[in-house]
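Novice: For reference, the structure I am asking about is given below.
Bear in mind that the values in this text are calculations on the coordinates, not laboratory data. For clarity, every value in this text was computed on a predicted model and none was experimentally measured. Backbone-built Cβ (ideal geometry, glycine too); neighbour counts: all protein chains shown.
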Amino acid sequence: MHRTKVRIVEDALDANNTIASANRADFDRAGVKVVNFMSAPGAGKTTLLERVVADLPGLRVGVLEGDVEGSMDADRLAGLHIPVTQLNTSAGFGGECHLDANMVRSAIPSLPLDEIDLLLVENVGNLVCPAEFRIGEDSRVMVTAVTEGEDKPLKYPLMFRACELVIVNKIDLLPHLDFDLEKLLYNIDAVHPDVETIMLSARTGQGIDAWRDWLLRIPARAPEEAIA
Ligand code: MG
Ligand code: ZN
């Protein structure tokens, strides 16, 4: 019984990786780098994008907004005069709580790949399954906010492991919280030793330069086997 179930899950993830590789090949052909941006709901992903998308010298940026429903975040970003494409998982994908390679594949015809150099994909806000599905990205960024507690890396280790950068957001609120930043960093290091971290406040702009710099020099892509 259990073996069968494990088998089915493995097959589904293999199928996802095959489609993710096809997506990546399409992005490569167009010369577009792709970042998969993940966090819990409300950690500040959209605000972090708003802060930088219009201010990346030499990079033409597009955004793919993943949400279960609605286009509130896409509408906010569209005001910045960059191409924004909405992907709703409630429209044909059963209202899934994450993006997978197949959903992103369905959006590719709507993406202006010839007009952009960098595609920022805002995943559905969720601390669990986004980490399980590659979408054909070059790099993954995990955002955690100091309002979420120091224990999150220990409770959701896969999210903190499946990324090349951890952004710690809302540090402007630290004086008002009983939050131990050292403990959070210790816990991040425990589940993902030496992962790059940036501490910032999307609200005040403190630390935003480091985030912009990271986007301007997106680390060399993971080797192909990292997709599988
Ligand atoms: Mg958002
Ligand atoms: Zn999910």
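Novice: Cα centroids of the stretch 26-84 and the stretch 102-124: how far apart, whole angstrom?
Specialist: 10
Novice: To continue, here is another question. Along the charge dipole of the chain, Cβ charges K/R +1 and D/E -1, which of PHE179, GLY125, ALA12 sits furthest on the positive end?
Specialist: Of the candidates, ALA12 comes out farthest on the positive side.
Novice: When the helices in the chain are scored as -39500 (n - 2.57) per DSSP H run of 4 or longer and the sum is shared across all residues, what 222 nm value do you end up with, to the nearest 500 deg cm²/dmol?
Specialist: -10000 deg cm²/dmol
Novice: Follow-up. Sorting check: for 90-98, 71-79, 133-141, which peptide has the highest mean count of neighbouring beta carbons within 10 Å, and how do the rest follow?
Specialist: The packing order, highest mean first, is 133-141, 71-79, 90-98.
Novice: Let a ≥ b ≥ c be the square roots of the eigenvalues of the Cα gyration tensor of the stretch 92-208; is it rounded (a/c under 1.5), or, if not, prolate (a/b larger than b/c) or oblate?
Specialist: prolate
Novice: Using only alpha-carbon positions, what ratio does the radius of gyration of the chain give when scaled by 2.2 N^0.38 Å?
Specialist: 0.99
Novice: Could you pull out every residue, at least 5 positions away or on a different chain, whose amide H is within less than 5 Å of the one on SER39? Hs are placed 1.01 Å off N in the peptide plane, and Pro or chain starts have none.
Specialist: ASN126, VAL143
Novice: For the stretch 61-114, count the residues as N, evaluate 2.2 N^0.38 Å, and divide the Cα radius of gyration by that value, please.
Specialist: With N residues counted in the stretch 61-114, Rg over 2.2 N^0.38 Å equals 1.10.
Novice: How large is the charge dipole for the chain, taken about the Cα centre, if only the Cβ atoms of Lys, Arg (+1) and Asp, Glu (-1) carry charge, to the nearest 20 debye?
Specialist: 220
Novice: What's the local net charge at ALA190, with K and R +1, D and E -1, over the other residues with C-beta under 15 Å away?
Specialist: -2
Novice: Counting just the Cα atoms, what span does the stretch 50-159 cover along each of its three principal axes? Round to the nearest Å and put the largest first.
Specialist: The Cα atoms of the stretch 50-159 stretch 40, 33, 26 Å along the principal axes, largest first.
Novice: Residues with beta-carbon under 10 Å from that of VAL84, excluding VAL84: net charge, scoring Lys, Arg +1 and Asp, Glu -1?
Specialist: -3
Novice: Next up: Let's see if you can work this out: charge +1 on each Lys and Arg Cβ, -1 on each Asp and Glu Cβ, no other charges. What is the dipole magnitude of the stretch 24-90 about its Cα centre, in debye to the nearest 20?
Specialist: So the dipole magnitude of the stretch 24-90 works out to roughly 280 debye.
Novice: Further question on the same structure: Using alpha carbons only, what's the Rg to Rh ratio of the stretch 172-215 with Rh from Kirkwood?
Specialist: Taking Rg over the Kirkwood Rh, I get 1.01.
Novice: Another one. List LYS152, LYS33, LYS5, LYS170 from most exposed to least, where exposure is judged by having the fewest other Cβ atoms within 10 Å.
Specialist: Ascending number of Cβ neighbours within 10 Å: LYS5, LYS33, LYS152, LYS170.
Novice: Once phi is turned into θ = phi - 60°, what whole-Hz ³J(HN,Hα) does the Karplus curve with 6.51, -1.76 and 1.60 give for every residue of the stretch 123-130, x standing for Gly and Pro?
Specialist: Each residue of the stretch 123-130 in turn: 6, 5, x, 5, 8, 10, 7, x Hz.
Novice: Based on other C-beta atoms within 10 Å, arrange VAL128, VAL146 from fewest to most.
Specialist: Starting with the residue having the fewest Cβ neighbours, the order is VAL128, VAL146.
Novice: Relative contact order for the stretch 27-136: what is it in percent, counting Cα pairs under 8 Å that are at least 6 residues apart?
Specialist: About 41 percent, as a whole number.
Novice: Can you find, among SER110, GLY94, THR147, the residue farthest towards the positive end of the dipole of the stretch 50-154? Put +1 on the C-beta of Lys and Arg, -1 on that of Asp and Glu.
Specialist: Among SER110, GLY94, THR147, the one farthest towards the positive end of the dipole of the stretch 50-154 is SER110.
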